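All remarks here apply to the structure that follows.
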Amino acid sequence: MLAIEVKNLTKKFNGLKAVNNISFQVNEGEIFGLLGPNGAGKTTTIKMLTTLTKPDEGEAKVWDFNILKQKNEVRNSIGIVFQEPALDNHLTGEENLDFHARLYGLNKETREKRIKEVLELVELHDKADVLVKNYSGGMQRRLEIARGLMHYPKVLFLDEPTLGLDAQTRRRIWEYILRLNKKEKTTIVLTTHYMEEADYLCQRIAIIDFGKIVVLDTPANLKNILGGDVVSIEVTSSQKAFPVFQKISWVKKINQHNGTIDLNCEQGEKKIPLLMKIDQKNLGFEIKSVNLRKPTLEDVFLRFTGKTIREREVSQTEKNKIAMRRRFQR
Amino acid sequence: MKANNLQVIYVMWLREMKRFLRAKSRIIGSLAMPFFFLLAMGMGFNSGFNLPGVPQGTNYLDFLVPGIIGMTMLFSSMFAGLSVLWDKEFGFLKEIMVAPVSRLVIVLGRIAGGLTTALIQGILIFIISLFLGFKVVNLFGIILALLFMALIGVGFIGFGVAVASKMEDTQGFSLIMQFIVFPTFLLSGAFFPVTNFPSWMRPLAYLDPLTYGVDGLRASLIGFSQFSPILDLSLLLIFSLVMVILGSWFFSKTEV
């Protein structure tokens, strides 16, 4: 069964298309990632799927319920962890969970059992009676994940689940996410702009940029599109070296820039010794350094958008600032 | 489904109670202003002073107390209604908005919580005024006064929710206080009878729902009023009903 089915979804803000005609499907039990820079339209997509914002065009189904016509059924089937904290700081951790459980109509017995379960899952059971304002950022995020699970949702949305957390806490949260996907069979949709997070957690990834999905596949397939590893070779004379490397049978693609030659190939670590056997002196060049790079999602992003995610974020921020200014001037 | 709605109203109420009781400074702060008004004005104008439009021999403190109770209800109810804004600012509103619960039920829950806190404050001011020498006519009057307090509360909480739903952040909060809440209070005849206003101002006073709240409170507590208590009661009923509908309507339209 499909957990989520999105067809031609579009959302405009001040004439700007924040989400531009996107379509995708999420399978039941999957961890699906929306990867893209800030402002690419990830959060807006999540907001539409969770009934918080109305799409301008297109339609979507969550757990087979229409997000426009069956809002309450959708809301009942999903759990959400928002990008910004959404806890009541003046209540304790347990009170926040109890509030949630009652909103979703759980009975007393289920409430008590479930609060214990989810607190244990995120290892917060010893902090249950502490006011949330005394929690650290990481603890708050864990409590929110626990809360998102309270009512046994079919699909859990995580909007930038590790934003602003330190490396250690981030690792722990990744483990919780994997655990709940396995133990509770919860389908998970997460947004992130951290490449390694998407790579580590997601079974399939949609790369989203300027409101459009540019490519969608498994992390392994995405990296394969780039044609395997990249061996970068710095040589004394690239004019002489280039034709030599070009003739090598295992080289799938060759590029040169600033005296460096990039070779695309499989299993680059085994090809470096072969390069060393080339009779450099007779051919009139010398290899100065060799660098092996395994492709990352960053390279995939670069390939499909023409920019690194960081560069794109800067330009997005600029664009948003201009849009904001325009809004205030009116 | 019905039982769940009650549970939602209950938990919204419970949350408000916990927050209220944990914020001691908020309780003291909200009582300070009405208390100082009672002390400074109620004690300042001694009993020999006679206000035009008020029966001879009426003590000014007795005249003032219903007005100050009305004011306490107005301020604490508006605060409760506008607290939607704080939930918006701190993100908690999203948690409420994604829940599979009708928006009307959420607003009713907020009214239940806000009304309880407002009534607690109003009753505390009433008790304080007894110590300052306020004389009540009879027990039935107190029950009737509670009814008027509740109607003022429901109406202004609904109004607060409606206003807060239309606002983006807490920036406009003080604007609302200066340009809506204070005029509402000053025009209500809390300090002196509305008949003492110049004729151009009187229509404004008659448009102010709090005028009928204060008048009704005066009728029930000291047995003096300018309108018939039945008129006060009916107008307040309509006002609070309209505000609940308006509040739920605007609230259901909010996007977070």
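The values are calculated or read from the model by the stated rules, or taken from the named source; none is laboratory data. The model shown is predicted, which means the values in this text are computed figures rather than measured ones. Counting neighbours? That spans all protein chains shown, and the Cβs are built from the backbone with ideal geometry, glycine included. Ligands, DNA and RNA are stripped out before the accessible areas are found, and what is left, the full protein with its side chains, is counted by its heavy atoms. Shrake-Rupley method; radii C 1.70, N 1.55, O 1.52, S 1.80 Å.
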For this session: For B:R26 paired with A:E28, estimate the spin-label separation in nm (one decimal), with each label point 7 Å from Cα along the Cα-to-Cβ line.
Result: 4.4
Problem set entry | For the stretch A:127-185 and the stretch A:1-56, distance of Cα centres in Å | 22
Exercise. Taking the Cβ-Cβ separation of A:R179 and A:D126 as r and a Förster radius of 22 Å, what is the calculated FRET efficiency to the nearest 0.05?
Worked result: 0.75
Exercise. Between B:S30, B:S76, B:S199, which gets the highest mean-square fluctuation from a Gaussian network model of chain B, Cα cutoff 10 Å?
Worked result: B:S199
Problem set entry | Percent carbon-and-sulfur accessible area, the stretch A:109-231, ignoring ligands, DNA and RNA, probe 1.4 Å | 48
Problem set entry | At R0 = 51 Å, FRET efficiency that the Cβ-Cβ distance of B:L6 and A:L283 yields, to 0.05 | 0.05
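In the stretch B:3-252, carbon and sulfur make up what percent of the accessible area (probe 1.4 Å)? Let's see the in-between values first.
On the way: 7760 of 10440 Å².
Result for the stretch B:3-252: 74 percent of the exposed heavy-atom area is carbon or sulfur.
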Exercise. If you take the square roots of the eigenvalues of the alpha-carbon gyration tensor of the protein assembly as shown and sort them as a ≥ b ≥ c, do you get rounded (a/c under 1.5), prolate (a/b over b/c) or oblate?
Worked result: prolate
For this session: Mind listing, in residue-number order, the residues in the stretch B:15-31 that have at least 10 Å² less accessible area with every protein chain present than in their own chain alone (1.4 Å probe)?
Result: B:R15, B:K18, B:R19, B:R22
Problem set entry | Accessible surface buried once B binds A (1.4 Å probe; total of both sides; Å²) | 2600
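Just to verify a number: FRET efficiency for A:F242 and A:E57, C-beta to C-beta distance, R0 = 56 Å, to 0.05?
Numbers: r = 50 Å, r/R0 = 0.89.
Calculated value: 0.65.
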Exercise. Counting Lys and Arg as +1 and Asp and Glu as -1, each charge on the Cβ, what is the dipole of the protein assembly as shown about the Cα centre in debye, to the nearest 20?
Worked result: 980
Seminar exercise, completed: Amide H proximity to A:I31 below 5 Å, modelled H, separation 5+ or other chain, gives A:I188, A:Q203, A:R204
Exercise. For the stretch A:49-79, which residues drop by 50 square angstrom or more in accessible area between the chain on its own and all protein chains together (1.4 Å probe)?
Worked result: A:L52, A:R75
For this session: Could you sort the residues of the stretch B:88-107 by number and keep only those whose accessible area is reduced by 10 Å² or more in the all-protein-chain setting relative to the chain alone, 1.4 Å probe?
Result: B:F90, B:G91, B:F92, B:K94, B:E95, B:I96, B:M97, B:V98, B:A99, B:P100, B:V101, B:R103
Problem set entry | Extended-chain gain in nm, criterion 0.36 nm per residue less alpha-carbon gap, B:Q178 and B:Y206 | 8.1 nm
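In deg cm²/dmol and to the nearest 500, what is the mean residue ellipticity at 222 nm of the protein assembly as shown if only DSSP H runs of at least 4 residues count, each as -39500 (n - 2.57), divided by the residue total?
Taken over the protein assembly as shown, the calculation gives -17500 deg cm²/dmol.
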For this session: Would you rank B:W13, A:W63, B:W249 by solvent-accessible area, highest first, keeping every protein chain in place and using a 1.4 Å probe?
Result: B:W249, B:W13, A:W63
Exercise. Just how much of A:C202 is accessible, in Å², when a 1.4 Å probe is used and the result is rounded to the nearest 10?
Worked result: 10
Problem set entry | Phi-based couplings in Hz for the stretch A:74-84 (Karplus 6.51, -1.76, 1.60; Gly and Pro marked x) | 4, 4, 5, 8, 10, x, 9, 10, 7, 5, 8
For this session: Express in whole angstrom the spacing between the alpha-carbon centres of the stretch B:151-230 and the stretch A:216-291.
Result: 80
Problem set entry | Table column - 3J(HN,Hα) (Hz), the stretch B:237-243, Karplus curve with 6.51, -1.76, 1.60, x for Gly and Pro | 4, 4, 4, 5, 4, 4, 5
Exercise. Against the longest alpha carbon principal axis of chain B, how many degrees, from 0 to 90 and to the nearest 10, is the axis of helix B:103-131 turned?
Worked result: 30
Exercise. Just going by the charge dipole of the protein assembly as shown, with Lys and Arg at +1 and Asp and Glu at -1 on Cβ, which of B:A99, B:P193, A:T308 is farthest out on the positive end?
Worked result: A:T308
For this session: Starting from the Kirkwood radius over alpha-carbon pairs of the stretch A:1-150, derive D by Stokes-Einstein at 4 °C in a medium of 1.567 mPa s and give it in µm² s⁻¹.
Result: 77
Problem set entry | Tilt relative to chain A, helix A:137-149 - C-alpha long axis, 0 to 90 degrees, to 10 | 70
Exercise. Other chains near A:88-94: what is the mean number of their Cβ atoms within 10 Å of each residue's Cβ?
Worked result: 4
Problem set entry | Gaussian network model of chain B, Cα within-10 Å springs - most flexible of B:S225, B:S129, B:S102 | B:S102
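May I ask you to give the solvent-accessible area per residue for chain A, in square angstrom, as obtained with a 1.4 angstrom probe?
On a per-residue basis, chain A sits at 48 Å².
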Exercise. Which residues make up the longest stretch of chain B that has no GluC sites (Glu not before Pro) in a DSSP loop with at most 16 other Cβ atoms within 10 Å?
Worked result: B:1-167
Exercise. What's the angle, to the nearest 10 degrees (0 to 90), between helix B:139-166's Cα axis and the longest principal axis of chain B?
Worked result: 50
Exercise. If you keep only loop residues by DSSP, which trypsin sites (Lys or Arg not before Pro) in the stretch A:42-141 have at most 14 other Cβ atoms within 10 Å of their Cβ?
Worked result: A:K69
For this session: Step through the residues of the stretch A:88-100 one at a time and calculate ³J(HN,Hα) from phi using the Karplus curve (6.51 cos²θ - 1.76 cosθ + 1.60, θ = phi - 60°), rounding each to whole Hz and writing x for Gly and Pro.
Result: 8, 5, 8, 10, 7, x, 5, 5, 4, 5, 5, 4, 4
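In Å², and per residue, what accessible area does the stretch B:3-252 have when probed at 1.4 Å with the other protein chains present?
42
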For this session: Using a 10 angstrom cutoff on alpha carbons, build the Gaussian network for chain B and name the most mobile of B:F35, B:F45, B:F185.
Result: B:F45
For this session: Starting from the Cα gyration tensor of the stretch B:3-252, multiply each eigenvalue by 5, take the square root, and state the resulting semi-axes largest first in whole Å.
Result: 32, 18, 17
